[in-house]
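A quick write-up on the structure given underneath.
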Amino acid sequence: MEAADWASLSDEDLLERRISKLGLRLDGTALEPLIRQLYDELSAHRLMFQPPSHIGDEWFVPIGIPAIFVPFFLVHDRLRTLERTMMLEVEGETPEWFMKLMRHEAGHAYTYAYQLTRKKKWQQTFGPTSREETPDTYRPRPFSRSYVMHLEDWYAQSHPDEDFAETFAVWLTPQLDWRTRYAGWKALQKLEYVDELMKSLAGKPAVHAPRYRATDYDCLNVKLKTYYARKRKLYEETYPDFYDVDLRQLFAAPCGIKASSYLRLRRRRLMNSVSEWTNERKFSVNRVLARLIDRCDKLGLHAHNDDPQQDFRVSSFITTLVMNYLFTGKFKRTK
């Protein structure tokens, strides 16, 4: 992509720009060969339909429309930098992560292109699906073997449509021996059905290809600051209140370094560690840390300067808070 006039702007000035006015396109970017890779993977199974790709505000396939929308911030390095500043991570930033999401969205596109949910065996395998009864949240069963493991947060369990998309993505992944990986799992029956179903579609064009324009999905006609205000609000999960008794046990030193200062010094390391082991978004974990720091300040707590176990105890405490929420609260459907 040619250098854009906005690429050298400060974050403050860039946030004032409308996304739709940035002149973004997929052609000529590092994403173009990855999109072609998806088409090659489909062609390897003699599948003719190649879902068109467009730029959107997030990863999604419009209901009833067999097309994939890729987040705008992946299109340009400057926007990736801004996304990381605002959200602490960039969803789909590596080629491997990008392809996992593309295969998932391709599953949705194939659902619509071939009207798969109308098939009786599809409904028997994945369950009934309804536009009118599509929940925004779900409670997963982390140890269930009835679903494949592809995207984080046990996403296959969120809805029959997502179950199919995740199963399709696993089936499509090159060099993955899914029969061995899921041997003894009930999810293997779903994979076998997808394998059978895709073989029946080999060489056949899409049966449902409605006319539409990418501009019909006017999700980018907002300023970047508005986009991030909405996104940050969406990701600010409501965690349970922190209990003062726990904090007083963690930081029981009568003097020494202020507990809030201790947490600030280790904030990024704690955030990365907890995010890695819980699969929770860094932005949400960072919000937890911000609340901890604020509460420690109000309680006037201190930490020992030379306690080698302090980091371990604090990391375990924050991980417990996050996991308790994840397994007693609700997950949001986002893809």
Out of Thr85, Thr94, Thr81, report the one residue that is at pLDDT below 95 and among the hydroxyl-bearing types (Ser, Thr, Tyr). Thr85
State which residue pairs qualify: first residue open to solvent by less than 90 Å² (accessible area, probe 1.4 Å) and inside the stretch 261-290, second residue at pLDDT 90 or above and outside any helix (DSSP H, G or I) in any location, beta carbons under 7 Å apart, and separation of 6 or more residues or different chains. Tyr262/Ala303
Any idea which residue in the stretch 235-260 is modelled with the lowest pLDDT, counting only those that are loosely packed, with under 15 Cβ neighbours inside 10 Å and of a type in the set (S, T, N, Q)? Thr238
Could you grab me the full set of residues in the stretch 10-27 that are part of a helix (DSSP H, G or I), open to solvent by 30 Å² or more (accessible area, probe 1.4 Å) and in contact with a helix residue (DSSP H, G or I) (Cβ under 8 Å, 6 or more places away or on another chain)? Asp11
Against the definition (out of contact with any helix residue (DSSP H, G or I) (no Cβ under 8 Å at 6 or more places or on another chain), basic (Lys, Arg) and modelled with pLDDT of 95 or more), how does Arg36 come out, yes or no? yes
Kindly indicate whether Ala290 is of a type in the set (A, V, I, L, M) and at pLDDT 90 or above. no
Note on the stretch 47-104: residues among the basic types (Lys, Arg) and either in contact (Cβ under 8 Å) with a residue 24 or more places away in the chain or farther than 19 Å from Leu22 by Cβ (or both) are Arg78, Lys100, Arg103
Among (1) closer than 26 Å to Glu58 by Cα; (2) touching a Lys or Arg at 6+ places or on another chain (Cβ under 8 Å); (3) modelled with pLDDT under 95, where does Met149 come up short? (2)
Condition first: within 23 Å of Lys223 (Cα to Cα), open to solvent by less than 10 Å² (accessible area, probe 1.4 Å) and assigned to a helix (DSSP H, G or I). Now tell me which residues in the stretch 53-103 satisfy that. Phe72, Phe73, Leu74, Leu79, Leu82, Glu83, Met87
Single residue of Ala44, Ala30, Ala7 found to be loosely packed, with under 12 Cβ neighbours inside 10 Å and either touching a residue at least 24 places away in the same chain (Cβ under 8 Å) or more than 22 Å from Tyr227 (Cα to Cα) (or both): Ala44
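The values are calculated or read from the model by the stated rules, or taken from the named source; none is laboratory data. In this text, all values refer to a predicted model and were calculated from it rather than measured experimentally. When we count neighbours, we look across all protein chains shown, and the Cβ atoms used for this are built from the backbone with ideal geometry, even at glycine. We work out accessible area using only protein heavy atoms, side chains counted, and drop any ligands, DNA or RNA first. Shrake-Rupley method; radii C 1.70, N 1.55, O 1.52, S 1.80 Å.
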